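Worksheet: one structure, shown below.
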Amino acid sequence: MTGKITALDLASGELSEATKAYFAKCEEKLGLVPNVLRAYAFDDKKLRAFTDMYNDLMLGESGLSKLEREMIAVAVSSINHCYYCLTAHGAAVRQLSGDPALGEMMVMNFRAAELSPKQAAMLEFAVKLTEEPAKIVEADRAALRKVGFTDRDIWDIASTASFFNMSNRVAAAIDMRPNDEYHAMAR
């Protein structure tokens, strides 16, 4: 991770055995340890809280597909201009969709992408929650129900958008940079 603050600065150079094991699993499955995880490595409890929430939201059971959840991450991160998340989750959209152009379009302007009405409604809701949370009203939820989302799906859309709003702010605060590998993925 480049920038002013590094994980090792925060962790004073020492990683717990649990964190070392988790990072080894990341290397095995992903071929890298995402810098966001390195950033949280200074505190096992914070790292665990972050990864537990991330894994539940992005990989857990949901009416939303993995691609839809990654699309939310990118749409929110685009509004927030989060370099880390746009790079990492833009790569995930490219990979999951099999369409490099969609990943790039999502990063730049999701409204210009060819999306289903359901995906467009989901992303408009996530963006409104990002930009104007106090202006979310029942009509916004009704619009999601009209295109087929359940109340549980609405919870998942809101939770995913909210998680990435928090993550974008932490990334900005500590100058978190994406792993170089993300730039070349799924192209």
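The values are calculated or read from the model by the stated rules, or taken from the named source; none is laboratory data. If you're wondering where the values come from, they're calculated on a predicted model, not measured in any experiment. Positions of Cβ are generated from backbone atoms using ideal geometry, with glycine treated the same way; all protein chains shown enter the neighbour counts. The protein model used for the area step is the full one, side chains on, heavy atoms only, and it has no ligands, DNA or RNA in it. Shrake-Rupley method; radii C 1.70, N 1.55, O 1.52, S 1.80 Å.
Worth a mention:
- Residue in segment 63-72 that is under 29 Å from Gly148 (Cβ atoms), at pLDDT 95 or above, open to solvent by 10 Å² or more (accessible area, probe 1.4 Å) and outside any helix (DSSP H, G or I) present: yes
- Pair list, Cβ under 6 Å, 6 or more apart: segment 83-107 residue of a type in the set (Lys, Arg), other residue in a helix (DSSP H, G or I) and open to solvent by 10 Å² or more (accessible area, probe 1.4 Å): Arg94/Pro100
- When Ala91, Ala120, Ala171 are screened for being surrounded by fewer than 16 Cβ atoms within 10 Å (Cβ to Cβ) and not polar (S, T, N, Q), only Ala120 passes.
- Residue check for Phe149: buried (at least 20 other Cβ atoms within 10 Å of the Cβ), touching a residue at least 60 places away in the same chain (Cβ under 8 Å), over 11 Å from the mean Cα position of the chain (by Cα) and farther than 27 Å from Ala186 by Cα: yes
- The residues listed here are Leu102, Leu115; of these, the one that is open to solvent by 20 Å² or more (accessible area, probe 1.4 Å), modelled with pLDDT of 95 or more and closer than 26 Å to Asp153 by Cα is Leu115.
- Residue check: Glu132 meets all listed conditions (1) open to solvent by less than 50 Å² (accessible area, probe 1.4 Å); (2) over 19 Å from the mean Cα position of the chain (by Cα) but one, namely (1).
- Of residues in segment 18-44 being assigned to a helix (DSSP H, G or I) and within 19 Å of Ala173 (Cβ to Cβ), the one most open to solvent (accessible area, probe 1.4 Å): Arg38
- Any hit, segment 175-182, residues being aliphatic (A, V, I, L, M), touching a residue at least 40 places away in the same chain (Cβ under 8 Å) and over 22 Å from Leu102 (Cβ atoms): yes
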